[in-house]
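Heads up, the thing below is written out as structure tokens.
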Amino acid sequence: MSDKKLENAVPDVPRHVLRDDNKIPQLGLGTYPMDDAEAEALIPEALWRGYRLIDTAVNYGNELGVGRGVQASGIKREDIFLTTKLPGRDHGTDSVRRSLEASLKRLGTDYVDLYLIHWPNPSVDRYVETWQTMIELRDQGLVKSTGVSNFLPEHLLRLEKETGEMPVINQVELNPQYQQELLREFHGEHKIVTEAWAPLGRKTDILQHEWIAEIARKQGRTPAQVMLRWHIQSNILPIPKTSDVTRMAENIDVFDWDLSDDQMRRIKMLHTGLSGSGFDPRDHEEM
Ligand SMILES: NC(=O)c1ccc[n+]([C@@H]2O[C@H](COP(=O)([O-])OP(=O)(O)OC[C@H]3O[C@@H](n4cnc5c(N)ncnc54)[C@H](OP(=O)(O)O)[C@@H]3O)[C@@H](O)[C@H]2O)c1
């Protein structure tokens with residue numbers, strides 16, 4: 001299919017309004033573990049299929065490819081929502097600006113839409129000064145929205161206490177097996193959007209669960225679409241990763257149909273509390 005024909009057939013992804021009034025698409029494309037070459041080839045394919053939110057990070061080593069892909073797509077920069085993440089080794093007042101400037105250079109852009117602290121790395125204990133610097137970079141226009149990833153309520157409360165400001169987004173591991181209900185409640189109380197990594201349950205078997213398969217059969221959809229629709233109806237923003245263009249189209253086709261209340265209740269019962277990654281933000285160090 002030509003790019004033009006694809007663009008005419010793609011879904012228009014609705015947006016969440018963040019606490020800072022910026023708007024973010026309700027579903028995006030994850031890019032880990034694409035390398036630069038793969039990202040460069042695949043990002044235009046995703047954009048032509050309607051994706052407008054692309055999630056990358058310094059630690060994925062693919063910002064250059066993501067940036068080239070965005071430029072090659074022919075889609076206007078202002079219509080695309082780009083997220084990148086600051087690595088643990090760059091926490092600290094002086095290093096944040098340097099790290100962001102290097103990301104912007106690789107991405108070939110003069111701002112990112114969303115800048116996240118990738119992990120709190122509490123043993124390093126520099127996430128508060130890092131957050132303060134990110135707010136300053138936002139006020140200077142290099143970043144539109146500031147957020148965090150893998151933060152627990154104790155980390156979020158400390159940010160508020162010491163800087164007076166909470167993030168607008170927290171990106172965390174979340175899927176029907178690991179639903180993070182308490183954290184989501186906390187986010188709701190503080191107007192923080194919950195963004196889900198591993199929304200398809202990478203490193204778990206949840207995508208193969210018989211109840212998901214049964215709901216998919218009844219809906220005439222795929223198991224991945226059922227899982228992603230559950231996120232959308234739960235007000236959670238999923239960023240599924242795929243390197244397969246057919247799956248790209250499949251994963252974004254979740255906006256013009258509904259799971260029933262009964263199907264939502266059944267999926268809620270799939271929670272086991274088992275994380276696929278096994279990473280605990282209290283002690284996981286990612287530099
Ligand atoms: N903030 C953080 O600490 C953090 C941590 C991990 C990930 N992330 C971000 O979150 C994104 C998503 O998480 P994730 O990649 O870990 O897990 P995921 O999106 O739950 O799962 C990705 C896996 O599912 C497969 N897949 C995709 N669509 C499918 C479909 N329709 N049917 C069957 N299988 C399908 C993919 O394979 P194919 O590619 O072969 O289709 C890939 O193996 C990452 O790419 C990254 O951007 C953030």
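Take the alpha carbon atoms of region 49-81, find their center, do the same for region 159-229, and report the distance between the two centers in whole angstrom.
Using only Cα atoms to place each centre, the spacing works out to 23 Å.
Count neighbours as other Cβ atoms within 10 Å of each site's Cβ, and list the trypsin sites (Lys or Arg not before Pro) in region 65-134 that are DSSP loop with at most 14 such neighbours.
Details: sites: Arg68, Lys76, Arg77, Lys85, Arg89, Arg97, Arg98, Lys105, Arg106, Arg126; in loops: Lys76, Arg126.
In loop regions of region 65-134 (DSSP not H, G, I, E or B), the sparsely surrounded trypsin sites (Lys or Arg not before Pro) are Lys76.
Subtract the Cα-Cα distance of Asp94 and His16 from 0.36 nm times their separation in residues, and report this length gain in nm to one decimal.
Stretched fully, the Asp94-His16 segment lengthens by 24.8 nm.
Which semi-axis lengths, in whole Å and largest first, follow from the square roots of five times the eigenvalues of the Cα gyration tensor of the chain? Don't jump to the answer; show the numbers that get you there.
Numbers: eigenvalues 164, 116, 52 Å².
The three semi-axes for the chain are 29, 24, 16 Å.
Which lysines does Lys191 reach when only Cα atoms under 19 Å apart count, and residues fewer than 8 places away in its own chain are ignored?
Partners found: Lys23, Lys144, Lys161.
For region 209-287, report the % of Cα-Cα distances exceeding 19 Å.
Everything past 19 Å amounts to 45 percent.
Label-point separation (nm) for Val124 and Thr246, each offset 7 Å from Cα along Cα-to-Cβ?
4.1
At 0.36 nm per residue, minus the direct Cα-Cα distance, what do Glu38 and Leu182 gain on full extension? Give it in nm, one decimal, please.
Difference between extended and current length: 48.2 nm.
When the chain is fully extended, how far beyond the present Cα-Cα distance does Lys161 get from His190, taking 0.36 nm per residue of separation? Write down the numbers at each step before the final one.
Values: separation 29, 0.36 × 29 = 10.44 nm, distance 1.33 nm.
My answer for the length gained is 9.1 nm.
Once you keep just the Cα pairs under 8 angstrom separated by 6 or more residues, what percentage relative contact order results for region 1-123?
22
At 7 Å along Cα-to-Cβ for each site, give me the label-to-label distance between Gln71 and Glu154 in nm.
4.5
Hey, can you rank 23-31, 180-188 by average C-beta count inside 10 Å, highest first? Numbers along the way, then the final one.
On the way: 23-31: 23.2, 180-188: 15.7.
Per-residue mean Cβ counts within 10 Å order the peptides as 23-31, 180-188.
Which of these, His209, His91, His231, has the largest mean-square fluctuation under a Gaussian network model of the chain (Cα springs below 10 Å)?
Judging by the Gaussian network model, the answer is His209.
Taking R0 as 22 Å, what's the FRET efficiency between Arg265 and Arg217 from their Cβ-Cβ distance, rounded to 0.05?
Calculated value: 0.80.
Computed from the coordinates by the stated procedures, all read-outs in this text should not be read as laboratory data. None of the values given here were measured: they were computed from a predicted structure. For neighbour counting, all protein chains shown are included, and Cβ atoms are generated from backbone atoms with ideal geometry for every residue, glycine included.
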